[in-house]
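Chemist: Sending over a structure as structure tokens; questions will come in a sec.
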Amino acid sequence: MLKCSSAERKNIRPQITVLISDSTKMHCDLLRKAFYSVRQRFQVVAFASSTGEILTALQQHRPQVAVISCDLQDGPLSGLRLLPEIRRAHPETKILVAMASPNEEVVIDAFRLGAVGVFSRNGPFDLLCKSIEVVSRGQVWANAEELHHVLRAFAKSPKPPKLDPT
């Protein structure tokens, strides 16, 4: 039996548990095959293409990260509408929203509804993997354009009352 030294064990990162959702079973299957190639980094615990499947998988597997597609079998933006329920029932799960394009309203709504990251499907698979890793560590994932959408929305919101400096 091989034993690892404590220095070697520190270099071994545990797999990140992930739930992947997409609007079709075929896209889920393609993602399953892609994630198999990086199985040393990620343990994909479930694939889902509907809100019901997502909620069941979250309850059963409690993944660290849930990649929630904006659009699911339930219809356009059904994944986005599911975010508040995921946040309430599974606050420990980090949410990365996958969207067709970085639409300003979708980006803003994703963050407003509880996502900690957004990912455009136009990006490469390697970038999806990096975004999942970043989100799993509690960091925010957004590109510069997406971040500017959020900052503009923040700047337009009503000015909060000044805090008393005492």
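The values are calculated or read from the model by the stated rules, or taken from the named source; none is laboratory data. All values reported here derive from a predicted model rather than from experimental measurement. All Cβ positions, even for glycine, are placed from backbone atoms using ideal geometry, and neighbour counts span all protein chains on display. Accessible surface areas use protein heavy atoms only, side chains included; no ligands, DNA or RNA. Shrake-Rupley method; radii C 1.70, N 1.55, O 1.52, S 1.80 Å.
Chemist: Residue by residue through the range 10-43, note down the ones that are buried (at least 18 other Cβ atoms within 10 Å of the Cβ) and either of a type outside the set (D, E, K, R) or in a strand (DSSP E or B) (or both).
Modeler: Of the residues in the range 10-43, the ones buried (at least 18 other Cβ atoms within 10 Å of the Cβ) are 16-23, 28, 31, 35, 42.
Selection gives Ile16, Thr17, Val18, Leu19, Ile20, Ser21, Ser23, Cys28, Leu31, Phe35, Phe42.
Chemist: Now for a separate question. Name the residue, out of Arg62, Arg152, that is on the phi > 0 side of the Ramachandran plot, surrounded by fewer than 19 Cβ atoms within 10 Å (Cβ to Cβ), among the basic types (Lys, Arg) and touching an Asp or Glu at 6+ places or on another chain (Cβ under 9 Å). Before the answer, list the steps.
Modeler: Working: Arg152 fails: on the phi > 0 side of the Ramachandran plot.
Just one listed residue meets the conditions, Arg62.
Chemist: Might you check whether a residue that is open to solvent by 50 Å² or more (accessible area, probe 1.4 Å), farther than 15 Å from Cys129 by Cα, at pLDDT 95 or above and out of contact with any helix residue (DSSP H, G or I) (no Cβ under 8 Å at 6 or more places or on another chain) occurs anywhere in the range 44-58?
Modeler: yes
Chemist: Collect the residues in the range 94-152 that are out of contact with any Lys or Arg (no Cβ under 9 Å at 6 or more places or on another chain), among the aliphatic types (A, V, I, L, M) and within 21 Å of Val44 (Cβ to Cβ), keeping them in residue-number order.
Modeler: Matches in the range 94-152: Leu96, Val97, Val118, Leu127, Val134.
Chemist: Select from the range 62-99 the residues that are in a helix (DSSP H, G or I) and touching a Ser or Thr at 6+ places or on another chain (Cβ under 7 Å) and list them in ascending order.
Modeler: In the first step, residues of the range 62-99 are kept if they are in a helix (DSSP H, G or I); the result is 78-89.
The answer is Ser78, Gly79, Leu82, Ile86.
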